[in-house]
Structures are given as structure tokens and as C-alpha cells.
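In what follows, a structure is listed as C-alpha cells, so that the remarks can point back to it.
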Amino acid sequence: MDFVEIGVLVAIWGMFGFNIFKEYKKTKKENRRQLFNVKEFEFWEESMRIMGILLFVSGLIIGISLVKHIGAYLLVAGWLLSGIILLGKRNNRGYIIMAVALLFGFIYYLIWF
């Protein structure tokens, strides 16, 4: 791995960490506990999508297929949870998001395995 790849990885993860820190500091002290409420689906859905994208891109850059696979499956799981959340709100977009997630998972399986 050369310095450009290391720089890109540090930049990607650094921007992610900086944005989380910035949002945490922007929230009021009373609402900071609600920001990381692990009992809500929205927290897991958003976290799985963001971590999936970061791990997938990191796996592509560094060339470790296990990291890439974990990222892809976290991304698909986040999309599925997003579809479930939208179905609970009586929104038909949930079906579309779930179909796209399953299609992405199937195509990813066909390409990489």
C-alpha cells in the first residue's frame, strides 16, 4: 500500500469522524443522549449504511476482500432496515428500497463470488 492509498483512507475516515464530532457538538446538552440512542431502528439503519459505505470503499482501496464483503452486506442490511422503517410509516417507497437492496445484494454476490 502506498502513501496515496493511506492518505485517501485517512481522509475518508477523518472526514467521517470530524462530521460526527461536529454534529455532536452542535446538539444541545439535553439532546446528546438521544443522538446515540441504540434502541431505535433509525440509529442502526443510519449506522449500518455509513459503516457499510466506509468499509466497502476501504476494502476496495486496500484490496482486502473480507472488509469489502462486510461493508457490502452492512450496506444492504442498512437499506433493508430503511425499507422496513418506511413501511412502518405507510410509505410505498419502502418496497422500492428493499427491492433495490436485495437486487444489489444479489448482483454483488454474482460478481464477487
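Bear in mind that the values in this text are calculations on the coordinates, not laboratory data. These numbers come from a predicted model, not from an experiment. For neighbour counting, all protein chains shown are included, and Cβ atoms are generated from backbone atoms with ideal geometry for every residue, glycine included.
Looking at the stretch 82-95, is at least one residue within 29 Å of VAL8 (Cα to Cα), among the aliphatic types (A, V, I, L, M) and either touching a Cys at 6+ places or on another chain (Cβ under 7 Å) or outside any loop (DSSP other than H, G, I, E, B) (or both)? Taking every residue of the stretch 82-95 in turn, none turns out to be within 29 Å of VAL8 (Cα to Cα), among the aliphatic types (A, V, I, L, M) and either touching a Cys at 6+ places or on another chain (Cβ under 7 Å) or outside any loop (DSSP other than H, G, I, E, B) (or both). Filtering the stretch 5-45 to residues that are in a helix (DSSP H, G or I), under 21 Å from LEU75 (Cβ atoms), out of contact with any helix residue (DSSP H, G or I) (no Cβ under 8 Å at 6 or more places or on another chain) and not β-branched (Val, Ile, Thr) leaves ALA11, GLY14, MET15, GLY17, ASN19, PHE43. Looking at MET48, MET98, just one residue is free of Cβ contacts under 8 Å to residues at least 24 places away in the same chain, surrounded by 14 or more Cβ atoms within 10 Å (Cβ to Cβ), assigned to a helix (DSSP H, G or I) and within 17 Å of the chain's Cα centre (by Cα), and that residue is MET98.
When the stretch 54-79 is filtered for residues that are surrounded by fewer than 19 Cβ atoms within 10 Å (Cβ to Cβ) and within 16 Å of LEU102 (Cα to Cα), the ones remaining, listed by number, are HIS69, ILE70, TYR73, ALA77.
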